[in-house]
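What follows is a short report on a single structure.
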Amino acid sequence: MAKAFYITTPIYYVNDRPHIGHAYTTIAADVFNRFHTIAGRDTFFLTGTDEHGTKIAESAEKARVPEIEFCDKMVEEYKTAWQALSIEYNDFIRTTSSRHEKAVVKFLDVMRNAKTADGQDVIYSDYYEGLYCNGCEKFLTERDLVDGKCPDHNRVPEKVKEKNYFFRLSAFLPLIKEKIESGELRILPDERCREVLGLINQDLPDFSLSRERVKWGIPLSFDTSQVAYVWVDALSNYISAIGYGDNEAMFDKWWNQAEVVHLMAKDILKFHCLYWPAMLMAAGVKVPDTMFVHGFFTVDGQKMSKTLGNQIDPNEMVAEFGPDGTRYLLLTQYPFGTDGDVQAKRFIVQYNSDLANDLGNLVSRVVKMIGANCNNEIPEPFAEIPGLTELKQQAEALADTSYNHIKKFELLQAISKAIELVRVTNKFFNDQAPWIMAKEGKTKELGGVLYACCEIIRIVSIVLFPIMPNKMREIRSVLGLDDSSLTLENARTFSFLKPGTKVALKDAIFPRLKPKKQVDTKETSSAKSSNDGLLDISEFAKAQLKVAKVLQAEQVEGADKLLKLQIDLGTEKRQIVAGVARFYSPEQITGMSIIVVTNLKPAVIRGVESNGMLLAAKKGKNLRLVVPDGDMPPGAKIS
Ligand code: MSP
C-alpha cells in the first residue's frame with residue numbers, strides 16, 4: 001500500500017482577492033489530490049489564508065473595519081471561489097485561528113530552546129537596522145531599490161532599527177544541501193533545485209523571525225513585545241493544521257508517515273525551500289518530501305497585476321466555462337512547472353475544440369447511435385473489428401500512463417494523453433462508419449464499435465475525473481455508472497460495462513460556446529503597405545507559418561466546400577476550417593503534413609471556429625496543398 005499523501009498550497013494573502021493565479025495552484029493541488037485518491041491512497045489536501053502582518057492591517061484600516069472582520073470577509077471570498085471551482089480540500093487553515101496561533105507559539109518555543117550541532121542557540125537576539133518595505137513585509141537591500149524606491153510597491157522604504165530575534169540560518173544551510181543531494185528533500189523541477197543550491201552557495205544571512213513594529217501578529221511567548229515574523233507564522237500552517245503540538249496521532253499520520261508535498265510558485269521559493277526546512281530541522285521535525293515550484297504565468301502576454309487591472313476573477317471564468325471548463329483551460333495552457341502564457345483570448349476556441357468537439361461529441365454520437373440502433377442499451381462487445389486491438393491496448397494503458405505523469409507533476413501530459421485517446425476514438429468511429437454497418441445489418445460489428453467506444457468513454461471519465469469532476473460524473477451517469485466504480489484500477493480493464501445497461505443523454509455534456517466576436521474571414525485586412533503594393537520584409541515576417549499534421553478531418557455540415565481539420569502544431573492542437581473539400585477527402589488529408597498560418601485572429605466560418613489558415617496553390621479549377629519537402633515535424637517554423 002502506497003504511503004498516505006499530504007498536499008498543500010501556499011496560504012493566500014487576504015489583502016488580495018482571489019484571482020486565477022491563486023486558482024491555478026489550488027486547482028493543480030486539487031487535481032493531484034483527487035488523482036492519488038482514485039489511485040487508492042489515503043490523502044489530505046490543505047489550503048488556507050495568510051492573515052497577519054502590516055499589509056493586512058493597513059487594508060483593514062482603509063476599509064475602516066477591525067482586522068479580523070476584514071479577514072473574515074476576504075476568507076469568505078476565497079472559500080466561495082474554491083467552492084465554485086469544485087475544489088475539495090480537507091481543511092482550510094486560517095493563521096488567525098486559535099489552533100494555528102497555539103501551534104506557532106509552540107513551534108517558536110521549541111526552536112527557542114534548540115541548539116545547533118556546535119552548541120549555539122538557534123534563536124538569538126540582536127539589533128537589526130535596515131530598509132523596511134511595508135508592502136513586501138521585508139527588509140530590502142540597497143541593491144533591491146530602483147531610484148531609492150521598492151520597485152514592487154513604488155515607495156521609499158523606511159529606515160528601521162529594532163530588537164529582533166534571529167534564526168541562525170547559516171548553521172542549517174549545509175544540512176539542507178545534504179538533504180537535497182541525498183534526495184531526502186526533493187525540489188522540483190530541476191531548474192528550481194539548482195536555483196536553491198545557488199542560494200545556499202551565496203551564504204544567505206540569518207533572518208529575523210520576530211518583529212517589534214508589527215502589531216497584527218502572534219506574540220512570542222518569551223517576549224510579548226514582539227510578534228512572529230509573517231513567514232514563520234505562515235509556513236507553520238503546514239503543520240498547525242494537522243495537529244502539531246496538539247494531536248500527536250494526527251501529526252504522525254499526515255507528517256511523519258505520509259508523503260508530504262508543498263506546491264507553490266517560484267516567487268516564494270526561498271522561504272519554502274530554505275527557511276522552512278531549516279526551521280523544521282531546528283525544531284526536530286522531519287523535512288517535507290517534495291517542494292514543487294511551478295512557474296508564473298502572464299495573461300495574453302501581460303503580467304497580471306492589480307495596478308494593470310487585468311487580474312482575472314475565477315468566478316467570472318466559472319460563469320463562462322463552468323467549474324470544469326475553467327479547471328481544464330487553466331491547466332492546459334502550458335506545461336506545469338514552467339513559466340507560460342495563459343491565452344485567455346483562445347479559451348472559447350479551445351473549449352469548443354477539445355471539450356465540445358472532441359470529448360462531448362464522442363459521447364453524444366455514441367449515445368445517439370445506441371439510441372437509434374440498440375434500444376438505448378449498451379450492446380454486446382465484438383472483437384473482430386479492424387484496429388480495435390490497438391485501440392483497446394491504448395485505452396487500457398491510459399490509467400498508468402497518465403498516473404505516471406501525475407507522479408512526476410506533469411499535469412498537461414497526463415491530460416493530453418486522455419484527450420489524445422478521445423481523438424483517436426473519434427477517428428476510429430469515423431473510420432468504422434457504424435451508420436453504414438447499421439444500414440447493412442451488420443449488428444455484431446455495430447455493437448462491437450459502440451461497446452468499445454462506451455468503454456473508452458468510461459475509462460476517460462475516470463482519468464479525467466480529477467480535472468473535471470462534475471462533467472465526468474455526468475458522463476458516467478449517461479453510462480449508468482456511479483462513484484462506486486470510480487477508481488483508477490477500474491480504468492485498467494477494458495470490459496467493465498455490462499451489455500444491456502441503459503444509456504441516456506439529455507443535454508450535450510459540453511454545449512458549444514459562441515465566440516464573443518465573429519470575424520468575417522472574407523474581409524482580409526488588405527495590407528495597406530507602400531504605394532507600389534510591395535510588402536516590407538517586416539510586414540511579411542509578421543505572419544507565423546508552421547508545419548502541422550492533420551490528425552482528423554470531417555466535412556463541415558451543410559458546406560460542401562469546407563473541411564474541419566484538427567491539426568497538431570507540435571506544442572498544441574488546433575482546429576481550422578479550410579475550403580479544400582472538393583479537392584481532398586477527409587481520408588486523404590488525414591495524416592498529411594501541411595503549412596499553416598498560425599497567428600491569425602480566430603474566425604468563424606459557417607458557424608465553425610477556425611484558428612489558422614492552410615496554404616494551397618490554386619490554378620484554374622485545380623488546387624493542391626503546399627507541403628514541406630521531406631520529413632518535417634509538426635511545429636517546425638517556416639522561415
Ligand atoms: N502568503 C504567501 C504564501 C505563504 S505560504 C506559507 C503568499 N501569498 S500570495 O497570495 O501572494 O500567493 C502566492 C502564490 O499564488 C504563488 O506562489 C502561486 O502559488 C500563486 N500565484 C499567484 N499569481 C500567480 C501567477 N501569475 N502564476 C502562477 N501562480 C500564481 O505568497
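The values are calculated or read from the model by the stated rules, or taken from the named source; none is laboratory data. Everything quoted here is computed from the prediction, not taken from an experiment. Glycine gets a Cβ as well: all are built from the backbone with ideal geometry, and neighbour counts include every protein chain shown. To get the accessible areas, we keep the full protein, side chains included, count just its heavy atoms, and leave off ligands, DNA and RNA. Shrake-Rupley method; radii C 1.70, N 1.55, O 1.52, S 1.80 Å.
Using only Cα atoms, locate the centre of segment 550-616 and the centre of segment 112-175, then give the distance between them in Å, rounded to an integer. Cα centroid to Cα centroid, the span is 58 Å.
When DSSP beta bridges are limited to those with both residues in segment 1-109, what percentage is antiparallel, rounded to the nearest 5? The antiparallel proportion sits near 0 percent.
Cysteines in the chain lacking any other cysteine Cβ under 4.7 Å from their own Cβ: 71, 193, 273, 374, 453, 454. Taken over segment 5-295, the convex hull of the Cα atoms encloses 135 Å³ per residue. Electrostatic tally near residue 266: other residues with Cβ closer than 9 Å to its Cβ, Lys and Arg +1, Asp and Glu -1, net -2.
Note on segment 541-627: the alpha carbon radius of gyration divided by the globular reference 2.2 N^0.38 Å gives 1.00. Computed on segment 323-491, with alpha-carbon pairs under 8 angstrom and 6+ residues apart, the relative contact order is 30 percent.
Counting every Cα pair in segment 323-491, what percent are over 29 Å apart? Here the long-distance tail beyond 29 Å is 20 percent of all Cα pairs in segment 323-491.
Can you give the Kirkwood hydrodynamic radius for segment 34-85, in Å, rounded to one decimal and based on Cα pairs? Walk me through the numbers on the way to the answer.
On the way: mean 1/r = 0.0759 Å⁻¹.
After inverting the pairwise mean of 1/r, the radius is 13.2 Å.
Per-residue ellipticity at 222 nm, computed for the chain from helices alone with -39500 (n - 2.57) per DSSP H run of at least four residues, works out to -11000 deg cm²/dmol.
How would you rank 81-88, 607-614, 500-507, highest first, on the average number of other Cβ atoms within 10 Å across their residues?
The densest-packed peptide leads the list: 607-614, 81-88, 500-507.
Ligands, DNA and RNA left out, the accessible area of the chain computed with a 1.4 Å probe is 50% carbon and sulfur. Normalised by the number of residues in the chain, the average gap of Cα pairs under 8 Å and 6 or more apart makes the relative contact order 11 percent. Summary of packing: across the peptides 404-410, 478-484, the per-residue average of other C-beta atoms within 10 Å ranks them, highest first, as 404-410, 478-484.
In segment 319-362, the C-alpha radius of gyration followed by the widest Cα-Cα span (Dmax) gives 10.8, 33 angstrom.
Give me the orientation-averaged projected area of the Cα convex hull of segment 117-220, in nm², one decimal.
Spelled out: convex hull of the Cα atoms, projected over all directions, averaged, 8.6 nm².
If you take all other residues with their beta carbon under 14 Å from the beta carbon of residue 106, and give Lys and Arg +1 and Asp and Glu -1, the sum is -2.
A 1.4 Å probe run over the chain, with the rest of the protein chains in place, finds 46 Å² accessible per residue.
Taking a sphere under 11 Å around the Cβ of residue 471 and counting the other residues whose Cβ falls inside, with K and R at +1 and D and E at -1, yields a net charge of +1.
Fully extending the segment from residue 181 to residue 433, taken as 0.36 nm per residue of separation minus the present Cα-Cα distance, adds 85.1 nm. Projection of the Cα convex hull of the chain, averaged over all directions and equal to a quarter of that hull's surface, yields 34.5 nm². Computed from backbone phi with θ = phi - 60° and the Karplus coefficients 6.51, -1.76 and 1.60, the 3J(HN,Hα) list for segment 239-256 is 10, 5, 5, 10, x, 4, x, 9, 10, 4, 5, 5, 5, 5, 5, 8, 10, 6 Hz; x is used for glycine and proline. Contact order, relative form, for segment 537-638: 32 percent (alpha carbon pairs under 8 Å, 6 or more residues apart, mean separation divided by residue count). Scanning residues 5 or more positions from residue 294 or on other chains, those with amide H under 5 Å from its amide H are 264, 265, 266, with H placed 1.01 Å from N in the peptide plane.
For the chain, what proportion of DSSP beta bridges, expressed in % and rounded to the nearest 5, is antiparallel?
70
When DSSP assigns beta bridges and you keep just the ones with both residues in segment 5-295, what percent turn out antiparallel, to the nearest 5? Taking every DSSP beta bridge within segment 5-295, about 50 percent pair in antiparallel fashion.
Can you order the peptides 39-46, 354-361 by their average number of other Cβ atoms within 10 Å per residue, highest first? Could you put the intermediate results ahead of the total?
Numbers: 39-46: 18.9, 354-361: 22.4.
Highest-to-lowest ranking by the protection proxy: 354-361, 39-46.
Take the Cα of residue 617, go 7 Å toward its beta carbon, and the backbone nitrogen atoms of segment 577-599 under 17 Å from that spot belong to 583-584, 593-596.
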